[in-house]
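I have placed the structure first, in the form of structure tokens, so that the comments after it can refer back to it.
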Amino acid sequence: MAQAKNNLKPQDIVILLKIIALGEKPWFHHTIAEELGMSQSEVSQSLNRSKYAGLIDDARKKVNKIAFNEFLIHGVGYAFPQQPGALVRGMLTAHSAEPLNKIFQASDKYVWPYAKGLDRGQAIEPLYPTLVAASLKDNDLYELLTLVDAIRVGRVREKEMAKRELEKRILHV
């Protein structure tokens, strides 16, 4: 039973993507917590789980980009699957948002539910409840999250394009 505390949670993906979005900028637990609308203890626990999973280094500062990219490409859709829900007002995600909406002209839109959203589409539950607010402040993070959502809910072509784009952004290949 002791291992349950080491299982990855959806917010772990969000925190690692935030660190990647920051690039070379220095960061601290409290700044990540503030920018993502989480508590500092949540961030600290998350980084411990990510360290245990081998997704961040022992100092809990540097994302193991190869392992994390592998997990996103092959595991996130199984670990945190999502089915499109009811039509709601919200913020575009998956293939409906940048950068994939420049490639795919889909008639069905996917959105994170958000009362002030400008678009209507099928609801996709975000990996963490505060993602809309965090994404409004950080476009790099937003695009990484929409690519992950495309893997979570997309069709084969959308998933493949999202995987290639994530690989470019995470591994800089």
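Here are some notes:
- Residues that are open to solvent by 20 Å² or more (accessible area, probe 1.4 Å) and farther than 14 Å from Asn101 by Cα, drawn from the stretch 139-151: Asn139, Asp140
- Among residues of the stretch 69-86 being buried (at least 18 other Cβ atoms within 10 Å of the Cβ) and of a type in the set (A, V, I, L, M), the one that is nearest to Glu24 (Cα to Cα) is Leu72.
- Listed conditions (1) assigned to a loop (DSSP other than H, G, I, E, B); (2) in contact with a strand residue (DSSP E or B) (Cβ under 6 Å, 6 or more places away or on another chain) are all met by Gln83, apart from (2).
- Unique match (being open to solvent by 50 Å² or more (accessible area, probe 1.4 Å), assigned to a helix (DSSP H, G or I) and closer than 23 Å to Arg152 by Cβ) among Ile66, Ile32, Ile15: Ile66
- Members of the stretch 39-49 that are open to solvent by 20 Å² or more (accessible area, probe 1.4 Å) and touching a helix residue (DSSP H, G or I) at 6+ places or on another chain (Cβ under 7 Å): Ser39, Gln40, Glu42, Ser44
The values are calculated or read from the model by the stated rules, or taken from the named source; none is laboratory data. Note that the structure is predicted; figures quoted are calculated from it, not measured. Methodologically, a virtual Cβ is constructed for each residue, glycine included, from the backbone with ideal geometry; neighbour enumeration extends over all protein chains shown. Side chains included, ligands, DNA and RNA excluded: accessible areas come from the protein's heavy atoms. Shrake-Rupley method; radii C 1.70, N 1.55, O 1.52, S 1.80 Å.
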